[in-house]
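Everything on this sheet refers to the single structure shown next.
The values are calculated or read from the model by the stated rules, or taken from the named source; none is laboratory data. Quantities reported herein were computed from a predicted structural model and do not represent experimental measurements. With ideal geometry, Cβ positions are generated from the backbone for all residues, glycine too; neighbour counts draw on all protein chains shown. Side chains included, ligands, DNA and RNA excluded: accessible areas come from the protein's heavy atoms. Shrake-Rupley method; radii C 1.70, N 1.55, O 1.52, S 1.80 Å.
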Amino acid sequence: MLHVPETGSTNADLRQLAEAGGEDGLWLRADRQTAGRGRQGRDWSSPSGNFYGSTLVRLRPGDPMAATLALVAAVAIEEAVRACLPEVGPRLALKWPNDLLIDGAKLSGILLERTGDAIVIGMGINLASAPNLSDRATAALGDHGVAVPPAEMQALLADAMTRWVAIWRTQGLAAVITRWEARAHPRGTPLTARLPDGQVLTGTFDGLASDGALRLGLADGSSHVIHAGDIFLV
């Protein structure tokens with residue numbers, strides 16, 4: 001596990017390490033990022049005290065689709081965060097495609113990037129503070145009285161990712177989806193989906209398709225399968 005006090009982006013650095021021959025399972029954590037990024041090129045606020053890290057997965061023959069590593073990372077983050085909470089504490093829930101919510105507010109995010117056979121998985125978790133976002137509520141573990149050092153979170157995440165990547169490879173995506181759905185908001189939860197073409201759909205959560213896509217239940221009883229988009233709880 002590598003650690004630096006400050007960098008532009010752990011994903012960018014790990015991409016370079018991957019291109020230089022970095023091994024499967026390599027981790028890089030930074031105390032602070034100056035050019036952190038989220039999905040679709042969004043800025044990711046990166047003050048000290050939160051977790052900013054990336055890990056490397058090298059694809060092997062027979063692995064499930066690379067994009068489904070976002071689901072693997074999500075269940076690993078949920079497991080690691082849950083281990084830090086008291087038995088009776090705030091409620092965690094996964095939200096497609098890559099968020100972990102704490103009492104309905106965004107706690108973490110995931111960014112996948114590919115170079116050759118290497119998938120770089122960036123993870124940000126609000127441990128000490130949360131950014132103010134215009135389109136959604138955010139929260140940090142510190143808001144709930146839970147203090148977790150970033151190094152401790154990295155150790156928990158590394159263990160969880162090792163286990164879930166192995167399940168993804170040996171048992172297939174279905175095992176990951178089963179866990180993901182068990183840790184997500186309930187079926188029937190009202191959702192709004194903003195699709196890449198600008199279309200906005202409203203419906204209810206109808207689970208995940210076999211390839212990890214979101215199934216949005218519509219008012220006419222049908223389901224719309226979504227492979228990309230922004231999802232909001234209503």
**Prompt:** Given labels modelled 7 Å from the Cα in the Cβ direction, how far is it in nm from VAL234 to ARG58?
**Reply:** 4.7 nm
**Asked** In sequence order, what are the phi-derived ³J(HN,Hα) couplings for the range 222-234 according to the Karplus relation 6.51 cos²θ - 1.76 cosθ + 1.60 with θ = phi - 60°, rounded to whole Hz, with x for glycine and proline?
**Response** 8, 10, 9, 8, 10, 9, 8, x, 9, 10, 10, 6, 8
**Message:** Testing the spin-label approximation: label points 7 Å from Cα along Cα→Cβ at VAL225 and ALA209. State their distance in nm.
**Reply:** 0.3 nm
**Item:** Counting DSSP beta bridges with both ends in the chain, the antiparallel % (nearest 5)
**Value:** 85 percent
**Asked** Which net charge results for the neighbourhood of LEU85, defined as the other residues with beta-carbon distances under 14 angstrom from its beta-carbon, given Lys and Arg at +1 and Asp and Glu at -1?
**Response** -3
**Item:** Other-chain or far-sequence residues with amide H under 5 Å of LEU2's (modelled H)
**Value:** TRP27, LEU28, ARG29
**Prompt:** Sequence-distant or interchain residues sharing an amide H contact under 5 Å with THR115, placed H: which?
**Reply:** VAL120
**Complete:** Whole-percent carbon and sulfur contribution to the accessible surface of the range 81-192 (1.4 Å, no ligands, DNA or RNA) stands at 52 percent
**Request:** Pull out a ≥ b ≥ c, the square roots of the eigenvalues of the alpha-carbon gyration tensor of the range 105-234, then state rounded if a/c is under 1.5, prolate if not and a/b is larger than b/c, and oblate in the remaining case.
**Result:** oblate
**Asked** Could you give the distance between the Cα centres of the range 80-99 and the range 141-161, to the whole Å?
**Response** 11 Å
**Asked** If you rank THR202, THR115 by how much accessible surface each has, with a 1.4 Å probe, what is the order from largest down?
**Response** THR202, THR115
**Complete:** Phi angles of the range 21-31, converted by Karplus (6.51 cos²θ - 1.76 cosθ + 1.60, θ = phi - 60°) into ³J(HN,Hα) in whole Hz with x for Gly and Pro, give x, x, 8, 3, x, 5, 10, 9, 10, 10, 5
**Derived scalar couplings ³J(HN,Hα) [the range 171-180; Karplus, 6.51 cos²θ - 1.76 cosθ + 1.60; whole Hz; x for Gly, Pro]** = 9, x, 5, 4, 5, 5, 4, 4, 5, 4
**Asked** What accessible area per residue comes out for the range 174-234, rounded to a whole number of Å², with a 1.4 Å probe?
**Response** 49 Å²
**Item:** Net charge contributed by nearby residues that have their C-beta within less than 9 Å of ASP24 (K/R +1, D/E -1)
**Value:** +1
